[in-house]
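First the structure, in the form of structure tokens, and then the observations on it.
The values are calculated or read from the model by the stated rules, or taken from the named source; none is laboratory data. Note that the coordinates shown come from a computational prediction; the quantities given were computed from them, not determined experimentally. In this analysis, Cβ positions are derived from the backbone assuming ideal geometry, glycine residues included, and neighbour counts consider all displayed protein chains.
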Amino acid sequence: MQTELDSGIRKRIQQSPLFNGVTDAEFETLLAECTLKNYRTVEKMDYFKDPEEGLLLILEGLTEIYIENVEGQSTLLEMVQQGEVIGFSNLSHFLGEPSRPLDRHRLKLVVSKGSQCLQIPYSVVKKRLGDERVRDMILQKMSHRLANVYASLGEQIRLADEWGTSEPYVYRVKDLMNTPPFTVIEEESSQEIAKMMVQKTISSVLVIDQNGQLVGIITEKDLVRRVVAQQVCGPLNAKDIMTKHLHTISPYDYYYEALSTFYNYGVKHLPVVEAGRPVGVVTLSNLMAKRDRGSMGILKKIEGASFETLPFVKTAIYDVLSTLIHDDISTIQTLEIITKLYDRLSRQCVKLAVQSLERQGKGIPPVPYAWYLMGSGARGEQFMLTDQDHFLVYADCEGEAKDQALHYFSLLGEEIVRHLEQAGYARCKGQMMASEAMWRGSVSEWQQRIRTWALEMTDEQILVSYNFLSFRLLIGDSTVHQHFSTMLKRQLQHAQTFLYAMAQQELDNDAPPYSLSLLTLFKGRGKRQTIDIKKHALFPLHHCLQILAVHRNILNATPVQLLDSLVRVGELSSEFAEDIRHAYEIALRTRIRLSWKKHLRNEEIKTAIEFSEIRQWEQDELRSMLSTVSSLQSHLSAKL
């Protein structure tokens, strides 16, 4: 093999910590046991199948490590570059751990074209383990790999926290576990346990005490090690052969928390426990079988989008929406998921807008800023892309800096609108966008603007204020946001007359009388006999909650968040809030399904529902929903 090595490759091998410091004679002896591998094309192999293969030193090129399940589906774990070593997991075989948690899921090595690697068998590694530098290198490399695993898991858990508990994007253990669990009592004989495992085709049973509390687990490995291998003559019971020191997990833990437990402890079975009682078992196979490899792909598509590829994101999000509607995921959870996607898309548009100005030589933001959504996007109700509603706030500054900020943020407002339009958001017909002078400005300018609005109290200004007060910070500086929010709360405390005018206008638009039948409701309302979900349900719900929340100094929240806050401050009872939440979900679900059907038929999307389209159970739901809307309006009226 030595003749195959050119001087450059030979020098690269000698500089590797595995060979550095040995004499020339020792190096030649060790090298003779190794194998040089040249890859002229892309190759995929089961390198980790045989631990005797040892380590693989990447001399040139790039390799990728995938985990592949029994169905052939694979997920990229890591990329390994020149000078790095692969195969440290094989060392566990020689450290007394013959069974690894990934044995049932193959690790695949994909080597790129033109790569060159040195296979270093375990026989060579064993000879070099006496060198302190080699041991330090292996420890350092393994620590580095472990750190990468933790970083990856940390990122996934961060995503899990961000996405919430909505199915199917973030699974909980209760959605993955095998239930009910197979259990035996402590006194059950090992023979009966073995028969059960064969008959049920299971690889583990849980052991419980007389109170039903989990005390141990018995796996196939336990039976072999403690019964068969020991050749015990006398009878053995479950308590004699079970593993007592257990790693368990809660049914409400996240998918990635379960996965990290498997990786950290090398176990194959995790009992799922609630209040000390076993409720299921989850295995690594469960996790891999349930993992939706495409569920997070949309995030990469959004965050990797350029101006040219922004239009494709809309299609991807609509695909997700279609799946959620088809899978009958609850309306609130569906909107939580879709809102997260739209939020990411909007943030990406703002980031691209800032980058675009910098590329054009227009500079970077001269002062910190905050960008806010208004309307349905801010309320978390935008299940399909509609028009733009947003505004921009930036830090106060004086003199020349003030002129620079005024000029820059006028450009940024236009650029944001251009990018959002490219992504599929239509320009707002009412021009409520950061590209307009009245929808951007410093904190002080916004303070004067809001003071003027409160004094005007026209019907048009009240409608604008409803849209504005349903704002939500999407991207920007937290200090600017804090100053803006503090200023706004202070201004609204001195605008009680304006809040009264808002409430009075809302109460002048009563919901249809819920005590009548729906047929009676529609009589005299024209030939179409319709009910408008936005006008008769969603808008009254939004407006009442907004006014009550502002009165309690609560801002910058979705309707669901407002409900929770109003319960906390004692404005609403928990029972009444639950009724409102239910009514809100009925209205949203009705609107979403109606609009989605029209979208699929390429029809104009409207929020009016024809009576002829409503089935009896839908009539009952709408009657209940309108009753709750009317009760909320009465609650607001009492506050006046």
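Residues of the stretch 547-580 that are touching a helix residue (DSSP H, G or I) at 6+ places or on another chain (Cβ under 7 Å), part of a helix (DSSP H, G or I) and touching a residue at least 40 places away in the same chain (Cβ under 8 Å): Ile547, Leu548, Val550, His551, Pro559, Val560, Asp579, Ile580.
Collect the residues in the stretch 348-367 that are hydrophobic (A, V, I, L, M, F, W, C) and surrounded by 14 or more Cβ atoms within 10 Å (Cβ to Cβ), keeping them in residue-number order. Result: Cys349, Val350, Leu352, Ala353, Val354, Leu357, Val367. Please pick out the residue among Leu473, Leu469 that is surrounded by 18 or more Cβ atoms within 10 Å (Cβ to Cβ), touching a helix residue (DSSP H, G or I) at 6+ places or on another chain (Cβ under 6 Å), among the aliphatic types (A, V, I, L, M) and farther than 15 Å from Tyr394 by Cβ. Checking each option against the conditions leaves just Leu469.
Under 26 Å from Pro540 (Cα atoms) and not assigned by TED's automatic domain parsing to the domain that holds Thr339: is that true of Leu499 in this structure? The answer is yes for Leu499. The residue pairs whose first member lies in the stretch 583-606 and is part of a loop (DSSP other than H, G, I, E, B), whose second member is not small (Gly, Ala, Ser), and whose beta carbons are closer than 8 Å, counting only pairs six or more residues apart or on different chains, are Glu604/Lys598; Ile605/Met384; Ile605/Lys598; Ile605/His599; Lys606/Lys598. Among residues of the stretch 531-545 that are closer than 14 Å to Arg623 by Cα, those with a Cβ under 9 angstrom from a residue that is part of a strand (DSSP E or B) and of a type outside the set (Phe, Trp, Tyr), sequence gap 6+ or separate chain, pair up as Ile531/Ala608; Ile531/Ile609; Ile531/Glu610; Asp532/Ala608; Asp532/Ile609; Ile533/Ala608; Ile533/Ile609; Ala537/Ile531.
For the stretch 365-408, a residue qualifies if it is modelled with pLDDT of 95 or more and among the β-branched types (Val, Ile, Thr), and the qualifying residues are Val367, Val393. Based on what the data block shows, is Asp161 at pLDDT 75 or above and either in a loop (DSSP other than H, G, I, E, B) or loosely packed, with under 13 Cβ neighbours inside 10 Å (or both)? Criteria not met by Asp161.
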